Structure formats: structure tokens, C-alpha cells
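Visitor: Encoded as C-alpha cells, here's the structure I'll be asking about.
Derivation of every value follows stated rules applied to the coordinates shown; laboratory data play no part. This structure is a prediction, so every number in the text was calculated from the model and none was measured. Every residue, glycine as well, gets a Cβ built from its backbone with ideal geometry; the counts of neighbours run over all protein chains shown.
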Amino acid sequence: MKKILIIEDEEPIRRVLKRILSDECPDYKIFEAIDGNDAIEKLSKDKFDLAVCDIKMPKKDGLDVLKFATKKDFTTPFIMLTGHGNVETAVDAMKIGAFDFIEKPPDLNRLLISVRNAFKIKNLQSENSRLKKRLIKKHEMIGSSTKFKTVLKLIDKVAPTNARVLITGENGTGKEMVAQQIHFKSLRCEKPLVEVNCAAIPSELIESELFGHVKGSFTSAIKDRVGKFELANGGSLFLDEIGDLSLKAQAKVLRALQEGKIQKVGSEKEIEVDVRIIAATNKNIKKLIESNDFREDLFHRLAVIEIKIPTLSERKSDIKILCNYFIKQVSNEQGLSEKKISNEAISALENYPWSGNIRELRNVIERLMILGENPISVENIKMYAPK
């Protein structure tokens, strides 16, 4: 059952508020606090879905209660009640984190609208939190080897900062998942993570993809287009396969990073952007620099922090954990019964040359779940693992 806390020192007003809210929200349980101290005590012991709080009260006032709730990182929305002439105080409450304020005596329709809106916002926040947890779960990184733990520690250290990150490693090692973890654990996690595969976009279109274009700037530009930098404003931009970016596009990316501004193709207008860049590549960037195929100044801009992802062959002790994880995952996705896997089969997989790394192992497990026996045997490995 959801709960509403009324914080008001005047008993007649509390009684009226309780009656109104009980009629509006019959499925909610209404609690009362007679002053600021009483409210803080109740907030410390219980969770509430909404608080209607008077500002001027004896002992501790409404701002003290709001500051307490904000400091404790409670998600309870506060609707503040203020007397005539105390609008400046109410504005201060909004700056602290109040959802809304209403002058006393409260307009009942205005109060009910505010209550409904507060519930809607809280429901949206709860849904966003649930989806975020699902996304993190979907992209969680599995393993306990020393090299893998080193990567996880780097992610935890760099994620809360705005530092640019360059992720390196072979195909299939999980570079995209590392980028997602950095974003989800960052202060930008409420904003978008926009992904661009630089290798998949033709060189003549990459600038339009990154920076956008205006109508008529080239033959097929039949309307204005917003680029990935602008879409990622306030969030993170993941430039996958950055080593495949043309030198011309590299120069424009460098300028965007230096100045925090972009220009759409065909436009002279500058657009300010606040974007955290996370880049990844499976190529040796230093060799590309030596062959003049990659700008050294851009490399130094991108690689403030460099995270090298180990190959699966470098973390063989994680293979058993990964197999069991993928068995559960495939079982849920395909609606299959979970299978056991023999120790001999695990040993065979640990000694297999994983050129495709984690991605290849996952594909093999899916094949074994569909075609293999239960438990999965060494013979199944020989039959269904790539030769």
C-alpha cells in the first residue's frame, strides 16, 4: 500500500488535508506529522510516496525537513504549503528539491492537480529506475579472473568522472559492454548513450552521421538532420571502431572535442555540445599513427584513460562461469530447459583457441543448448564447436 505523509502543525488544516487526500487517493494510507521533528522521525523509520509539508512550523520548519530528505537521498516528492507573502521561501524550497508549492489556504483543485502530477513523476522515475537496472543486468560483465577484475576496477574509477576513455581489444572481447557500463555508472546515466559504428558508415556519410546536415547541403540531403553529437548532448557518445574514421572526419572530431562545438554539414552556425566521448577499436592505434592513418593529437584527446580488454584466452579461468551464465541466458531467451555441462567439456572449452572471444563462446553455448545432449559432453564440443 502506498503512503502519504501530511506535515502540518495546525490540526484543522491537517484534518481537511487528510479528508481531501483520502477521497482522492482511497487506496493510499495517510499519515500525519505534527511538526518538523515528528516528520523527520517518521521519514527516518518509513518510506513515503508523497509528502505535503507546511513551511512555517515550530521546532524544525518545512525547509529543515526537506533538506533532511534531500540529504538522505529520499525519492519522496514534497509539495510545500506556504503562507501568503512567503513566496520567496517557497522558491528556496523548489531550489532545494521540492516538487511544487501551494499558498495557504490551499486551493483544493490546485492541490489535487499537484498531487496527481507528483504521482505521475514518481511512477516515471520508478519505471526509469527499473529499466535502468534491467539494462545494467542485460549488459553485466561476468568473470572473476585477475585481468578481468582489473578492468572492472578501472570502470568503477573512471565512470563517475567526465574523462574520455579509449577501449582497446580484439573483436568479441566486450568493448561495447565496457562502454555501456561506463555510461550507466556515470553521472550522465539519465541522459542518452548514443552509439556510432565508424566502420559501418561510408566515409562520405560519416560527417553527416556525426554532426548532422542542413537541407540541400548535398544531393541526398532532402531535409535537415540532427547528428549523433547533438543527440548525445548531456550524455555519452560511443565511437566504436574509431580506427576506421577518415582523416577528414578525425579533424572535425578533434575540433569538436577541443571547442565543445560542432557545425552541421552545409551550415556555418556553431552548436555547443556537452558530450563525453567513449571510443573503442580493435586496431593498433600507435601503428596507425606511424603510418599517418590516425592523428596523434586526436589519440591523446581520446585516450585520457585507456582500458585494454583481455582476450578470452587470457582469462581462461572465467570460461566455466561464462558457460553457466550463457546457459541460463539462452534458456531464458529461447525457452529451453537448462542443461548441465560436464567438467570434461569445460576443460575442452578452456583449451579451445577462441579467435572470436566472448562472442564466439556465447554462440557455441547457444548451439550446444539447441543441438547438444544433457549434460553437454566433450563429444558435443568436438561436434559443434568451430573447427
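Visitor: As I understand it, the value is the acute angle between the Cα axis of helix 357-371 and the longest principal axis of the Cα atoms of the chain; what does it come to in degrees, rounded to 10?
Guide: In the chain, helix 357-371 runs at an angle near 90 degrees to the longest axis.
Visitor: On to the next question. Taking amide hydrogens as modeled 1.01 Å from N in the peptide plane, which residues meet the under 5 Å criterion relative to Lys308, leaving out close sequence neighbours?
Guide: Here Thr168 satisfy the definition.
Visitor: Quick check: the angle from helix 247-259's long axis to the longest principal axis of the chain, C-alpha only, nearest 10 degrees?
Guide: 30
Visitor: Another one. Points 7 angstrom from Cα along the Cβ direction at Ser347 and Ile121: gap in nanometres?
Guide: About 6.2 nm, to one decimal.
Visitor: While we're looking at this one, here's another question. List the relative contact order of the range 3-133 as a percent without decimals, with contacts defined as Cα pairs under 8 Å and 6+ residues apart. Present the calculation step by step, with values, prior to reporting the outcome.
Guide: Working: 192 pairs, mean separation 27.4, N = 131.
Computed over the range 3-133, the figure is 21 percent.
Visitor: Also: Please report, in debye to the nearest 20, how large the charge dipole of the chain is about its Cα centre when each Lys and Arg carries +1 at its beta carbon and each Asp and Glu carries -1 there.
Guide: Details: 65 positive and 57 negative charges, 153 e Å.
Computed charge dipole of the chain: roughly 740 debye.
Visitor: Just grab the label-to-label distance for Lys283 and Arg367, each label 7 Å out from Cα along the Cβ direction, in nm (one decimal).
Guide: In this crude label model, Lys283 to Arg367 measures out at 3.0 nm.
Visitor: Only bridges whose two residues both fall in the chain count here: according to DSSP, what percent of them are antiparallel, nearest 5?
Guide: Values: 5 of 41 bridges.
In the chain, approximately 10 percent of DSSP beta bridges are antiparallel ones.
Visitor: Cut-off is 10 Å between beta-carbons; in what order do Val378, Val52 appear when sorted fewest neighbours first?
Guide: Values: Val378 15, Val52 28.
The fewest-first ordering by Cβ neighbours comes to Val378, Val52.
Visitor: Sticking with this one: Cα-Cα pairs above 23 Å in the range 139-308: how many percent?
Guide: Working: 5572 of 14365 pairs.
Within the range 139-308, distances greater than 23 Å cover 39 percent of Cα pairs.
Visitor: Please state, as a whole number in µm²/s, the translational diffusion coefficient that the Stokes-Einstein equation yields for the range 90-215 at 37 °C and 0.692 mPa s, with Rh defined as the Kirkwood radius across alpha carbon pairs.
Guide: Working: Rh = 18.9 Å.
Estimated diffusion coefficient is 173 µm²/s.
Visitor: Now for a separate question. For each of Asp274, Asp49, count neighbouring Cβ atoms within 10 Å of the residue's Cβ, then give the residues from fewest to most. Working shown, then result.
Guide: Working: Asp274 12, Asp49 20.
Ranked by crowding around the Cβ, least crowded first: Asp274, Asp49.
Visitor: Next question, about the same structure. Per residue, how big is the convex hull of the chain when only Cα atoms are used? Give it in Å³. If you can, show how the numbers build up before the last one.
Guide: Values: hull volume 84.4 nm³, N = 387.
Convex hull of Cα atoms, per residue: 218 Å³.
Visitor: With axes computed from alpha carbons, what is the tilt in degrees of helix 146-158 against the longest principal axis of the chain, rounded to the nearest 10 within 0 to 90?
Guide: 40
Visitor: For the range 3-133, just say rounded, prolate or oblate: build the C-alpha gyration tensor, square-root its eigenvalues into a ≥ b ≥ c, call rounded for a/c under 1.5, and beyond that prolate if a/b exceeds b/c, oblate if not.
Guide: Details: a/c = 1.38, a/b = 1.23, b/c = 1.13.
Rounded, since a/c falls under 1.5.
Visitor: Please work out the Cα center distance from the range 87-121 to the range 186-230, rounded to the nearest Å.
Guide: 40
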